[in-house]
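Notes follow once the structure below has been shown.
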Amino acid sequence: MRKKRTLFFCATTILLLIISACSANKKTTSIEHEQLLWHDSREKPFGRFDYPKISKKEGLSLLKDKFKVKVPGMIAQAEALMEKEVVTDEVKLGDSEYTLYAEGDELRIQGYYPFFKESQLETVSVVEFTYLFRREEKDVRLRTQSFSIVNVGEKEAFTKEKFHTFLEETAKIIDLPKTMSDRSIENFDKTYQELDNRPASQRVKVYSNDEEMTEKKRITQSIVAEFSQKKELKGLQVAIVDRTE
């Protein structure tokens, strides 16, 4: 009898160890691009609010203190890139302006950054984010993140070198591996090297995994280039969408 109890105890211990190991493995399994995600528990929707034409400080304070959500890291990354690649001795950042509104389950904030050469608007940059409250799951998540930059000055276009720099740097912001971003930029160059192959006043994808990652319910990443009416490169947008469950 004692032998049976001992065997039962050993078997139970082994089973518990196996379950514990499986649980540990499940907890430590990393999610691809996990640093781009933000989820938290939440009991109620956001309500209805509209805050047009506010300062960045007011907008971020509302996110943190009123709505209790995380301020996206992309804001600081985008600002650092603008400071490094847009601002010059001649081009200066004007007054940035934020807009925030909430409607039930969705909260959206947008930041507008104008850059001037003397009194002429030269470049415009926009960051935009949406948060989604999920009623059944009782949680909130940073659903979409985007950063765009467009040349609107008299020249209306970026040089090839400057545009490549923006592509490379914004690819880092959305956590795209360098090998993948290099290959995407190379393919983009080949496809639109000739002026006749470029669309006028249209946007085209440099990189996108939307179809694959939407199906897999993961994070989708995209880089989109914008051509001017003269078929010159005038802007780009990078975006992240959280499609995880």
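Quick look at the values:
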read-out	value
Test set (1) closer than 19 Å to Lys84 by Cα; (2) in contact (Cβ under 8 Å) with a residue 40 or more places away in the chain - Arg141 fails condition number	(1)
Single condition Val71 does not satisfy, out of (1) without any contact (Cβ under 8 Å) to a residue 60 or more places away in the chain; (2) crowded, with 18+ Cβ neighbours inside 10 Å	(2)
The listed residue being in contact with a helix residue (DSSP H, G or I) (Cβ under 9 Å, 6 or more places away or on another chain), modelled with pLDDT under 95 and within 14 Å of Val150 (Cα to Cα), out of Phe188, Phe166	Phe166
Residue in region 161-179 that is surrounded by fewer than 17 Cβ atoms within 10 Å (Cβ to Cβ) and in contact with a Pro (Cβ under 7 Å, 6 or more places away or on another chain) present	no
Pairs where the first residue, in region 188-205, is free of Cβ contacts under 8 Å to residues at least 24 places away in the same chain and assigned by TED's automatic domain parsing to the domain that holds Asn151 and the second is loosely packed, with under 10 Cβ neighbours inside 10 Å and assigned to a loop (DSSP other than H, G, I, E, B), C-beta under 9 Å, 6+ apart	none
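The rows are residues; the columns are (1) among the hydrophobic types (A, V, I, L, M, F, W, C); (2) out of contact with any Phe, Trp or Tyr (no Cβ under 6 Å at 6 or more places or on another chain); (3) at pLDDT below 90.
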residue	(1), (2), (3)
Lys3	no, yes, yes
Ala21	yes, yes, yes
Glu32	no, yes, yes
Arg48	no, yes, no
Leu62	yes, yes, no
Ala76	yes, yes, no
Met82	yes, yes, no
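The values are calculated or read from the model by the stated rules, or taken from the named source; none is laboratory data. A quick note: this is a predicted structure, and the numbers were derived from the prediction, not measured. Using ideal geometry, Cβ is built from the backbone for each residue, glycine included, and neighbour counts are taken over all protein chains shown.
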